[in-house]
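First the structure, in the form of C-alpha coordinates, and then the observations on it.
The values are calculated or read from the model by the stated rules, or taken from the named source; none is laboratory data. Note that the structure is predicted; figures quoted are calculated from it, not measured. Here Cβ is always computed from backbone atoms with ideal geometry, including for glycine, and neighbour counts include all displayed protein chains.
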Amino acid sequence: MTEQLHTAISSISPLDGRYAQKCRSLAEIFSEYGLMRFRIEVEVKWLQTLASHPAVAELKPLSGTQIAALNVLFLDFSLEDALEVKKIESKTNHDVKAIEYHVKQKLEKLGEFEEYLEFVHFACTSEDINNLAYGLMLSQARESVLIPQMQGTVDSLKALASEFASQPMLSRTHGQPATPSTVGKEFANVAFRLQRQLDILCKINILGKINGAVGNYNAHIAAYPEIHWPGVAEEFIVDLGLNWNPYTTQIEPHDYVSEIFNCLSRYNTILIDFTRDIWGYISLNYFRQKTVVGEVGSSTMPHKVNPIDFENAEGNLGLANALLDHMSAKLPISRWQRDLTDSTVMRNLGTGLGYSLVAYQSLAKGIAKLELNTTAIDADIDACWEILAEPIQTVMRRYRIKQPYEQLKALTRGKAIDEATLKAFIQSLDIPESAKEALMALRPRTYLGNAADQASEI
(Lines give C-alpha, C1' and ligand atoms only; values in the text may rest on other atoms or scores of the structure.)
Protein backbone atom coordinates (compact mmCIF):
# COMPACT_ATOMS: atom_id res chain seq x y z
CA MET A 1 0.00 0.00 0.00
CA THR A 2 1.40 3.37 -1.02
CA GLU A 3 1.62 6.13 1.56
CA GLN A 4 -0.79 8.22 -0.49
CA LEU A 5 -3.38 5.44 -0.63
CA HIS A 6 -2.91 4.69 3.05
CA THR A 7 -3.48 8.33 3.88
CA ALA A 8 -6.61 8.48 1.74
CA ILE A 9 -8.33 5.41 3.16
CA SER A 10 -7.32 6.08 6.74
CA SER A 11 -8.40 9.72 6.86
CA ILE A 12 -11.01 10.83 9.35
CA SER A 13 -12.54 13.34 6.97
CA PRO A 14 -13.96 12.06 3.66
CA LEU A 15 -12.68 15.28 2.10
CA ASP A 16 -9.19 13.87 2.53
CA GLY A 17 -10.25 10.31 1.77
CA ARG A 18 -13.25 9.30 -0.33
CA TYR A 19 -13.65 12.75 -1.87
CA ALA A 20 -9.97 13.70 -2.01
CA GLN A 21 -9.80 13.69 -5.80
CA LYS A 22 -12.84 15.96 -6.04
CA CYS A 23 -11.30 18.41 -3.58
CA ARG A 24 -7.75 18.42 -4.91
CA SER A 25 -8.02 21.95 -6.32
CA LEU A 26 -9.07 23.28 -2.91
CA ALA A 27 -6.53 21.19 -1.01
CA GLU A 28 -3.71 22.95 -2.83
CA ILE A 29 -5.11 26.25 -1.55
CA PHE A 30 -6.49 25.53 1.93
CA SER A 31 -4.15 22.84 3.23
CA GLU A 32 -1.51 23.75 5.79
CA TYR A 33 0.95 23.59 2.91
CA GLY A 34 -1.16 26.13 1.04
CA LEU A 35 -1.37 28.41 4.07
CA MET A 36 2.41 28.30 4.44
CA ARG A 37 2.89 29.17 0.77
CA PHE A 38 0.59 32.18 0.95
CA ARG A 39 2.19 33.35 4.20
CA ILE A 40 5.59 33.30 2.52
CA GLU A 41 4.18 35.26 -0.42
CA VAL A 42 2.98 37.98 1.98
CA GLU A 43 6.30 38.05 3.87
CA VAL A 44 8.31 38.27 0.64
CA LYS A 45 6.17 40.96 -0.94
CA TRP A 46 6.17 43.02 2.27
CA LEU A 47 9.96 42.89 2.28
CA GLN A 48 9.99 43.99 -1.36
CA THR A 49 7.66 46.87 -0.50
CA LEU A 50 9.90 48.07 2.32
CA ALA A 51 13.00 47.84 0.14
CA SER A 52 11.36 49.97 -2.53
CA HIS A 53 10.34 52.77 -0.15
CA PRO A 54 12.73 55.75 -0.33
CA ALA A 55 12.34 56.54 3.37
CA VAL A 56 13.65 53.12 4.38
CA ALA A 57 17.21 54.29 3.83
CA GLU A 58 18.71 51.22 5.50
CA LEU A 59 17.72 49.07 2.54
CA LYS A 60 19.02 49.30 -1.00
CA PRO A 61 16.42 48.89 -3.77
CA LEU A 62 16.25 45.28 -4.86
CA SER A 63 17.60 44.37 -8.26
CA GLY A 64 15.48 42.47 -10.75
CA THR A 65 17.54 39.38 -10.05
CA GLN A 66 16.99 39.74 -6.31
CA ILE A 67 13.24 40.20 -6.73
CA ALA A 68 13.05 37.09 -8.91
CA ALA A 69 15.05 35.10 -6.34
CA LEU A 70 12.69 36.22 -3.57
CA ASN A 71 9.63 35.30 -5.61
CA VAL A 72 10.96 31.78 -6.04
CA LEU A 73 10.53 31.29 -2.28
CA PHE A 74 6.75 31.11 -2.70
CA LEU A 75 6.42 30.27 -6.38
CA ASP A 76 8.51 27.11 -5.98
CA PHE A 77 7.55 26.36 -2.38
CA SER A 78 7.61 22.57 -2.09
CA LEU A 79 6.33 19.92 0.27
CA GLU A 80 9.93 19.46 1.39
CA ASP A 81 10.04 23.16 2.25
CA ALA A 82 6.81 22.77 4.19
CA LEU A 83 8.33 19.96 6.23
CA GLU A 84 11.30 22.18 7.02
CA VAL A 85 8.89 24.84 8.29
CA LYS A 86 7.25 22.22 10.51
CA LYS A 87 10.65 21.32 11.96
CA ILE A 88 11.21 24.96 12.86
CA GLU A 89 7.73 25.18 14.34
CA SER A 90 8.46 22.18 16.56
CA LYS A 91 11.03 24.40 18.29
CA THR A 92 9.25 27.78 18.15
CA ASN A 93 5.79 26.42 18.92
CA HIS A 94 4.61 29.30 16.74
CA ASP A 95 3.68 28.71 13.13
CA VAL A 96 4.07 32.27 11.81
CA LYS A 97 7.43 32.76 13.54
CA ALA A 98 8.50 29.52 11.88
CA ILE A 99 7.67 31.08 8.50
CA GLU A 100 9.79 34.12 9.34
CA TYR A 101 12.75 31.95 10.32
CA HIS A 102 12.32 29.80 7.20
CA VAL A 103 12.43 32.87 4.94
CA LYS A 104 15.50 34.17 6.73
CA GLN A 105 17.26 30.82 6.35
CA LYS A 106 16.50 30.83 2.64
CA LEU A 107 17.87 34.35 2.30
CA GLU A 108 21.04 33.40 4.13
CA LYS A 109 21.57 30.53 1.69
CA LEU A 110 20.98 32.78 -1.29
CA GLY A 111 23.52 35.35 -0.16
CA GLU A 112 23.41 39.10 -0.95
CA PHE A 113 20.50 39.53 1.45
CA GLU A 114 22.33 40.07 4.75
CA GLU A 115 21.14 43.65 5.15
CA TYR A 116 17.51 42.60 4.51
CA LEU A 117 17.24 39.80 7.08
CA GLU A 118 15.79 41.78 9.99
CA PHE A 119 13.30 43.48 7.73
CA VAL A 120 11.55 40.16 7.19
CA HIS A 121 8.33 40.39 9.19
CA PHE A 122 9.12 44.05 9.94
CA ALA A 123 6.60 45.65 12.36
CA CYS A 124 4.20 42.78 11.72
CA THR A 125 2.02 40.88 14.12
CA SER A 126 1.15 37.34 13.11
CA GLU A 127 -2.33 38.40 12.08
CA ASP A 128 -0.88 40.84 9.55
CA ILE A 129 0.51 37.86 7.70
CA ASN A 130 -2.37 35.50 8.38
CA ASN A 131 -5.26 37.73 7.36
CA LEU A 132 -3.60 38.50 4.04
CA ALA A 133 -2.71 34.86 3.43
CA TYR A 134 -6.31 33.81 4.09
CA GLY A 135 -7.53 36.64 1.88
CA LEU A 136 -5.34 35.41 -0.97
CA MET A 137 -6.56 31.86 -0.38
CA LEU A 138 -10.22 32.88 -0.54
CA SER A 139 -9.62 35.07 -3.55
CA GLN A 140 -7.92 32.29 -5.50
CA ALA A 141 -10.51 29.72 -4.47
CA ARG A 142 -13.37 31.99 -5.42
CA GLU A 143 -12.00 32.91 -8.83
CA SER A 144 -10.39 29.67 -9.96
CA VAL A 145 -12.52 26.98 -8.30
CA LEU A 146 -15.84 28.08 -6.86
CA ILE A 147 -17.17 30.55 -9.42
CA PRO A 148 -16.44 28.33 -12.45
CA GLN A 149 -18.11 25.34 -10.78
CA MET A 150 -21.06 27.37 -9.50
CA GLN A 151 -21.54 29.13 -12.83
CA GLY A 152 -21.40 25.74 -14.52
CA THR A 153 -24.33 24.61 -12.39
CA VAL A 154 -26.33 27.72 -13.30
CA ASP A 155 -25.52 27.33 -16.99
CA SER A 156 -26.60 23.68 -17.03
CA LEU A 157 -29.95 24.65 -15.50
CA LYS A 158 -30.37 27.47 -18.01
CA ALA A 159 -29.73 24.97 -20.80
CA LEU A 160 -32.42 22.66 -19.42
CA ALA A 161 -34.77 25.62 -19.08
CA SER A 162 -34.31 26.34 -22.76
CA GLU A 163 -34.55 22.69 -23.83
CA PHE A 164 -37.80 22.05 -21.95
CA ALA A 165 -39.24 25.56 -22.18
CA SER A 166 -42.49 24.41 -23.79
CA GLN A 167 -42.95 21.01 -22.13
CA PRO A 168 -46.18 21.20 -20.07
CA MET A 169 -46.00 19.99 -16.49
CA LEU A 170 -48.61 19.65 -13.79
CA SER A 171 -47.57 21.88 -10.90
CA ARG A 172 -48.15 20.94 -7.31
CA THR A 173 -48.77 23.28 -4.42
CA HIS A 174 -49.02 21.63 -1.00
CA GLY A 175 -48.32 18.45 -2.96
CA GLN A 176 -51.67 18.69 -4.74
CA PRO A 177 -52.39 19.29 -8.44
CA ALA A 178 -52.24 22.99 -9.25
CA THR A 179 -52.10 25.43 -12.15
CA PRO A 180 -49.67 23.96 -14.71
CA SER A 181 -46.29 25.29 -15.73
CA THR A 182 -43.54 23.99 -17.96
CA VAL A 183 -40.55 21.89 -17.08
CA GLY A 184 -38.29 24.59 -18.45
CA LYS A 185 -39.86 27.28 -16.28
CA GLU A 186 -39.09 25.23 -13.17
CA PHE A 187 -35.43 25.04 -14.14
CA ALA A 188 -35.46 28.76 -14.95
CA ASN A 189 -36.75 29.57 -11.46
CA VAL A 190 -33.78 27.81 -9.87
CA ALA A 191 -31.26 29.23 -12.34
CA PHE A 192 -32.37 32.79 -11.62
CA ARG A 193 -32.14 32.31 -7.86
CA LEU A 194 -28.68 30.80 -8.11
CA GLN A 195 -27.40 33.44 -10.54
CA ARG A 196 -28.48 36.19 -8.17
CA GLN A 197 -26.46 34.71 -5.30
CA LEU A 198 -23.50 34.09 -7.58
CA ASP A 199 -23.55 37.73 -8.72
CA ILE A 200 -23.53 38.82 -5.08
CA LEU A 201 -20.62 36.48 -4.32
CA CYS A 202 -18.56 37.94 -7.16
CA LYS A 203 -18.97 41.48 -5.80
CA ILE A 204 -17.95 40.86 -2.17
CA ASN A 205 -14.70 42.66 -1.40
CA ILE A 206 -11.97 40.58 0.20
CA LEU A 207 -10.33 42.80 2.81
CA GLY A 208 -6.89 42.91 4.34
CA LYS A 209 -4.78 44.84 6.85
CA ILE A 210 -1.13 45.19 7.78
CA ASN A 211 -1.23 47.68 10.64
CA GLY A 212 0.43 45.94 13.56
CA ALA A 213 -0.44 44.56 16.96
CA VAL A 214 -3.70 46.48 17.57
CA GLY A 215 -4.27 48.19 14.24
CA ASN A 216 -2.59 51.54 14.91
CA TYR A 217 0.82 51.17 13.20
CA ASN A 218 2.45 51.62 16.60
CA ALA A 219 5.73 49.86 15.78
CA HIS A 220 5.79 51.21 12.23
CA ILE A 221 5.57 54.80 13.40
CA ALA A 222 8.08 54.24 16.21
CA ALA A 223 10.67 53.11 13.65
CA TYR A 224 9.82 55.47 10.78
CA PRO A 225 7.58 58.32 11.98
CA GLU A 226 8.04 60.20 8.72
CA ILE A 227 6.34 57.49 6.63
CA HIS A 228 2.60 57.64 6.02
CA TRP A 229 2.03 54.01 6.88
CA PRO A 230 -1.71 53.82 6.07
CA GLY A 231 -0.88 54.81 2.51
CA VAL A 232 1.86 52.17 2.33
CA ALA A 233 -0.50 49.56 3.72
CA GLU A 234 -3.28 50.41 1.29
CA GLU A 235 -1.01 50.31 -1.75
CA PHE A 236 0.55 47.04 -0.61
CA ILE A 237 -2.80 45.33 -0.04
CA VAL A 238 -4.28 46.59 -3.30
CA ASP A 239 -1.20 45.34 -5.16
CA LEU A 240 -1.89 41.90 -3.66
CA GLY A 241 -5.31 42.03 -5.34
CA LEU A 242 -7.24 42.61 -2.12
CA ASN A 243 -9.14 45.54 -0.63
CA TRP A 244 -7.70 47.59 2.24
CA ASN A 245 -9.53 47.68 5.56
CA PRO A 246 -8.46 50.92 7.30
CA TYR A 247 -10.08 50.15 10.68
CA THR A 248 -9.13 47.02 12.61
CA THR A 249 -7.92 45.81 15.98
CA GLN A 250 -5.18 43.19 15.91
CA ILE A 251 -7.31 41.16 13.57
CA GLU A 252 -9.05 41.96 10.34
CA PRO A 253 -12.57 41.37 11.71
CA HIS A 254 -13.55 38.73 9.13
CA ASP A 255 -16.87 40.40 8.29
CA TYR A 256 -16.23 39.81 4.61
CA VAL A 257 -15.59 36.11 5.26
CA SER A 258 -18.99 35.95 6.93
CA GLU A 259 -20.51 37.69 3.90
CA ILE A 260 -18.92 35.19 1.51
CA PHE A 261 -19.98 32.19 3.57
CA ASN A 262 -23.50 33.52 4.10
CA CYS A 263 -23.81 33.96 0.35
CA LEU A 264 -22.47 30.45 -0.31
CA SER A 265 -24.88 29.07 2.27
CA ARG A 266 -27.83 30.74 0.52
CA TYR A 267 -26.64 29.37 -2.83
CA ASN A 268 -26.35 25.92 -1.28
CA THR A 269 -29.79 26.17 0.33
CA ILE A 270 -31.32 26.89 -3.07
CA LEU A 271 -29.59 23.78 -4.38
CA ILE A 272 -30.94 21.71 -1.47
CA ASP A 273 -34.41 22.89 -2.48
CA PHE A 274 -33.67 21.90 -6.07
CA THR A 275 -32.24 18.46 -5.25
CA ARG A 276 -35.31 17.59 -3.20
CA ASP A 277 -37.64 18.69 -5.99
CA ILE A 278 -35.74 16.71 -8.61
CA TRP A 279 -35.71 13.70 -6.29
CA GLY A 280 -39.50 13.99 -6.13
CA TYR A 281 -39.87 14.34 -9.89
CA ILE A 282 -37.73 11.24 -10.40
CA SER A 283 -40.00 9.43 -7.95
CA LEU A 284 -43.04 10.59 -9.97
CA ASN A 285 -41.32 9.20 -13.07
CA TYR A 286 -41.17 12.64 -14.69
CA PHE A 287 -37.48 11.99 -15.19
CA ARG A 288 -35.57 8.81 -15.87
CA GLN A 289 -31.86 8.49 -15.14
CA LYS A 290 -29.40 7.26 -17.73
CA THR A 291 -27.89 3.97 -16.67
CA VAL A 292 -24.15 3.39 -16.55
CA VAL A 293 -22.70 0.01 -17.50
CA GLY A 294 -21.43 -1.79 -14.43
CA GLU A 295 -23.32 0.33 -11.88
CA VAL A 296 -25.82 -1.22 -9.48
CA GLY A 297 -28.64 0.51 -7.65
CA SER A 298 -29.20 -2.03 -4.90
CA SER A 299 -27.30 -4.96 -3.50
CA THR A 300 -30.48 -7.06 -3.62
CA MET A 301 -32.92 -5.34 -6.05
CA PRO A 302 -31.46 -5.50 -9.56
CA HIS A 303 -34.01 -3.13 -11.10
CA LYS A 304 -33.10 -0.09 -8.98
CA VAL A 305 -31.76 3.14 -10.51
CA ASN A 306 -31.50 5.35 -7.46
CA PRO A 307 -31.11 9.16 -7.54
CA ILE A 308 -27.85 8.85 -5.61
CA ASP A 309 -26.15 11.87 -7.17
CA PHE A 310 -28.89 14.20 -5.97
CA GLU A 311 -28.92 12.51 -2.56
CA ASN A 312 -25.16 12.84 -2.29
CA ALA A 313 -25.42 16.50 -3.27
CA GLU A 314 -28.13 17.18 -0.70
CA GLY A 315 -26.16 15.52 2.09
CA ASN A 316 -22.93 17.32 1.31
CA LEU A 317 -24.70 20.65 0.90
CA GLY A 318 -26.13 20.19 4.37
CA LEU A 319 -22.68 19.46 5.81
CA ALA A 320 -21.25 22.45 3.99
CA ASN A 321 -23.92 24.78 5.34
CA ALA A 322 -23.50 23.55 8.90
CA LEU A 323 -19.84 24.58 8.71
CA LEU A 324 -20.39 27.74 6.69
CA ASP A 325 -23.16 28.94 8.99
CA HIS A 326 -21.07 28.33 12.11
CA MET A 327 -18.09 30.14 10.66
CA SER A 328 -20.27 33.02 9.49
CA ALA A 329 -21.65 33.45 12.98
CA LYS A 330 -18.35 32.95 14.82
CA LEU A 331 -15.72 34.77 12.80
CA PRO A 332 -16.93 38.39 13.27
CA ILE A 333 -16.77 37.92 17.06
CA SER A 334 -13.53 38.43 18.99
CA ARG A 335 -12.95 39.43 22.63
CA TRP A 336 -11.46 42.95 22.92
CA GLN A 337 -8.58 43.43 20.49
CA ARG A 338 -8.41 39.71 19.74
CA ASP A 339 -8.58 36.16 20.98
CA LEU A 340 -7.56 32.94 19.28
CA THR A 341 -10.98 31.43 18.71
CA ASP A 342 -10.98 32.84 15.18
CA SER A 343 -7.64 31.19 14.44
CA THR A 344 -9.02 27.71 15.08
CA VAL A 345 -12.02 28.38 12.88
CA MET A 346 -10.04 30.03 10.06
CA ARG A 347 -7.99 26.86 9.67
CA ASN A 348 -11.22 25.17 8.57
CA LEU A 349 -12.12 27.59 5.78
CA GLY A 350 -11.56 24.92 3.20
CA THR A 351 -13.88 22.34 4.77
CA GLY A 352 -17.16 24.14 4.13
CA LEU A 353 -15.97 24.95 0.63
CA GLY A 354 -14.82 21.36 0.15
CA TYR A 355 -18.21 19.84 0.98
CA SER A 356 -19.80 22.44 -1.31
CA LEU A 357 -17.48 21.49 -4.15
CA VAL A 358 -18.21 17.78 -3.73
CA ALA A 359 -21.92 18.57 -3.83
CA TYR A 360 -21.63 20.69 -6.98
CA GLN A 361 -19.80 17.88 -8.76
CA SER A 362 -22.36 15.29 -7.66
CA LEU A 363 -25.14 17.57 -8.83
CA ALA A 364 -23.50 18.05 -12.21
CA LYS A 365 -23.24 14.28 -12.57
CA GLY A 366 -26.91 13.83 -11.66
CA ILE A 367 -28.12 16.55 -14.03
CA ALA A 368 -26.17 14.98 -16.89
CA LYS A 369 -28.05 11.68 -16.32
CA LEU A 370 -31.56 13.19 -16.46
CA GLU A 371 -33.90 12.13 -19.25
CA LEU A 372 -37.38 13.60 -19.49
CA ASN A 373 -40.13 10.98 -19.49
CA THR A 374 -42.70 12.78 -21.64
CA THR A 375 -45.11 9.83 -21.53
CA ALA A 376 -45.48 10.05 -17.76
CA ILE A 377 -45.46 13.81 -17.51
CA ASP A 378 -48.02 14.21 -20.31
CA ALA A 379 -50.33 11.57 -18.88
CA ASP A 380 -50.26 13.28 -15.49
CA ILE A 381 -51.34 16.67 -16.75
CA ASP A 382 -53.80 15.32 -19.34
CA ALA A 383 -55.74 13.50 -16.63
CA CYS A 384 -56.24 16.60 -14.47
CA TRP A 385 -59.05 18.67 -15.99
CA GLU A 386 -60.06 20.14 -12.62
CA ILE A 387 -57.10 22.53 -12.78
CA LEU A 388 -59.04 24.51 -15.40
CA ALA A 389 -61.42 25.62 -12.67
CA GLU A 390 -59.09 28.57 -12.10
CA PRO A 391 -59.30 30.18 -15.59
CA ILE A 392 -63.03 29.45 -15.84
CA GLN A 393 -63.88 31.20 -12.57
CA THR A 394 -61.55 34.06 -13.45
CA VAL A 395 -63.29 34.66 -16.80
CA MET A 396 -66.64 34.44 -14.99
CA ARG A 397 -65.47 37.24 -12.70
CA ARG A 398 -64.71 39.40 -15.76
CA TYR A 399 -68.31 39.08 -16.90
CA ARG A 400 -69.72 39.59 -13.40
CA ILE A 401 -71.16 36.12 -13.01
CA LYS A 402 -72.18 35.81 -9.35
CA GLN A 403 -70.19 33.57 -7.05
CA PRO A 404 -67.91 32.13 -9.73
CA TYR A 405 -65.39 30.77 -7.27
CA GLU A 406 -68.10 29.12 -5.21
CA GLN A 407 -69.67 27.52 -8.27
CA LEU A 408 -66.36 25.99 -9.40
CA LYS A 409 -65.59 24.92 -5.85
CA ALA A 410 -68.83 22.98 -5.71
CA LEU A 411 -68.08 21.42 -9.07
CA THR A 412 -64.42 20.47 -8.59
CA ARG A 413 -63.08 20.58 -5.03
CA GLY A 414 -61.79 17.19 -4.01
CA LYS A 415 -63.12 15.63 -7.21
CA ALA A 416 -61.63 14.22 -10.38
CA ILE A 417 -63.35 16.06 -13.23
CA ASP A 418 -63.39 14.87 -16.84
CA GLU A 419 -63.45 16.95 -20.00
CA ALA A 420 -67.13 16.40 -20.65
CA THR A 421 -68.21 17.60 -17.21
CA LEU A 422 -66.15 20.75 -17.46
CA LYS A 423 -67.32 21.60 -20.96
CA ALA A 424 -70.94 21.10 -19.98
CA PHE A 425 -70.42 23.66 -17.21
CA ILE A 426 -68.83 26.12 -19.65
CA GLN A 427 -71.74 25.73 -22.08
CA SER A 428 -74.16 26.68 -19.30
CA LEU A 429 -72.49 30.02 -18.65
CA ASP A 430 -74.06 33.34 -19.62
CA ILE A 431 -70.93 34.85 -21.15
CA PRO A 432 -70.06 36.03 -24.68
CA GLU A 433 -69.65 33.28 -27.21
CA SER A 434 -66.08 34.34 -27.96
CA ALA A 435 -65.17 33.89 -24.30
CA LYS A 436 -67.00 30.59 -24.18
CA GLU A 437 -65.15 29.34 -27.25
CA ALA A 438 -61.80 30.31 -25.75
CA LEU A 439 -62.57 28.39 -22.56
CA MET A 440 -63.82 25.39 -24.54
CA ALA A 441 -60.51 25.34 -26.43
CA LEU A 442 -58.48 25.15 -23.24
CA ARG A 443 -56.68 21.97 -22.33
CA PRO A 444 -54.67 21.35 -19.17
CA ARG A 445 -51.51 21.23 -21.28
CA THR A 446 -52.28 24.57 -22.98
CA TYR A 447 -53.11 26.52 -19.82
CA LEU A 448 -49.52 27.66 -19.34
CA GLY A 449 -49.57 31.45 -19.19
CA ASN A 450 -46.19 32.74 -20.32
CA ALA A 451 -44.19 29.94 -18.71
CA ALA A 452 -42.53 28.99 -21.99
CA ASP A 453 -41.47 32.57 -22.66
CA GLN A 454 -39.99 32.93 -19.18
CA ALA A 455 -38.04 29.72 -19.59
CA SER A 456 -36.70 30.76 -22.98
CA GLU A 457 -35.58 34.18 -21.75
CA ILE A 458 -33.54 33.08 -18.75
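Among the conditions (1) outside any loop (DSSP other than H, G, I, E, B); (2) free of Cβ contacts under 8 Å to residues at least 40 places away in the same chain; (3) not hydroxyl-bearing (Ser, Thr, Tyr), VAL293 misses just one, which is (1). Would you mind stating whether ALA123 is in a loop (DSSP other than H, G, I, E, B) and either more than 30 Å from the chain's Cα centre (by Cα) or farther than 16 Å from THR49 by Cβ (or both)? Considered against the rule, which asks whether it is in a loop (DSSP other than H, G, I, E, B) and either more than 30 Å from the chain's Cα centre (by Cα) or farther than 16 Å from THR49 by Cβ (or both), ALA123 comes out as yes.
Within the stretch 332-378, take every residue that is assigned to a helix (DSSP H, G or I) and of a type in the set (Asp, Glu) and give me the one that is surrounded by the most Cβ atoms within 10 Å (Cβ to Cβ). Can you show your working first?
Within the stretch 332-378, the first condition is being assigned to a helix (DSSP H, G or I), and the residues that meet it are 341-346, 349-369, 374-378.
Now narrow it down to the ones that are of a type in the set (Asp, Glu): 342, 378.
Working: ASP342: 23, ASP378: 16.
The selected residue is ASP342.
Any residue in the stretch 110-132 that is of a type in the set (Gly, Ala, Ser) and surrounded by 21 or more Cβ atoms within 10 Å (Cβ to Cβ)? Looking for residues that are of a type in the set (Gly, Ala, Ser) and surrounded by 21 or more Cβ atoms within 10 Å (Cβ to Cβ), one finds at least one in the stretch 110-132, hence yes.
Check whether at least one residue in the stretch 297-307 is among the polar types (S, T, N, Q), part of a helix (DSSP H, G or I) and either at pLDDT 95 or above or in contact with a Lys or Arg (Cβ under 8 Å, 6 or more places away or on another chain) (or both), and report yes or no. Among the residues of the stretch 297-307, not one is among the polar types (S, T, N, Q), part of a helix (DSSP H, G or I) and either at pLDDT 95 or above or in contact with a Lys or Arg (Cβ under 8 Å, 6 or more places away or on another chain) (or both), which makes the answer no.
Within the stretch 72-82, is there a residue that is closer than 30 Å to ASN316 by Cα and charged (D, E, K, R)? There is no residue in the stretch 72-82 that is closer than 30 Å to ASN316 by Cα and charged (D, E, K, R).
Scanning the stretch 428-450 for residues that are over 14 Å from MET396 (Cβ atoms), part of a loop (DSSP other than H, G, I, E, B) and of a type in the set (Gly, Ala, Ser) yields a count of 1.
For the condition surrounded by 13 or more Cβ atoms within 10 Å (Cβ to Cβ), assigned to a helix (DSSP H, G or I) and modelled with pLDDT under 95, what is the one hit in ALA69, ALA8?
Details: ALA69 fails: modelled with pLDDT under 95.
Exactly one of ALA69, ALA8 is surrounded by 13 or more Cβ atoms within 10 Å (Cβ to Cβ), assigned to a helix (DSSP H, G or I) and modelled with pLDDT under 95, namely ALA8.
Which of the residues that make up the stretch 170-210 are more than 24 Å from TYR281 (Cβ to Cβ) and either in contact with a His (Cβ under 7 Å, 6 or more places away or on another chain) or of a type in the set (Lys, Arg) (or both)? LYS203, LYS209, listed by residue number. Can you confirm whether ALA191 is assigned to a helix (DSSP H, G or I), not charged (D, E, K, R) and not assigned by TED's automatic domain parsing to the domain that holds LYS330? So ALA191 fails the test.
If I filter the stretch 157-167 for residues that are in a loop (DSSP other than H, G, I, E, B), of a type in the set (Ser, Thr, Tyr), touching a residue at least 40 places away in the same chain (Cβ under 8 Å) and closer than 30 Å to LEU448 by Cα, do I get at least one hit? Yes, because at least one residue in the stretch 157-167 is in a loop (DSSP other than H, G, I, E, B), of a type in the set (Ser, Thr, Tyr), touching a residue at least 40 places away in the same chain (Cβ under 8 Å) and closer than 30 Å to LEU448 by Cα.
Residue check: is SER283 touching a helix residue (DSSP H, G or I) at 6+ places or on another chain (Cβ under 7 Å), of a type outside the set (Val, Ile, Thr), more than 30 Å from GLU43 (Cα to Cα) and in the same structural domain as TYR360 (by TED's automatic domain parsing)? No: the conditions fail for SER283.
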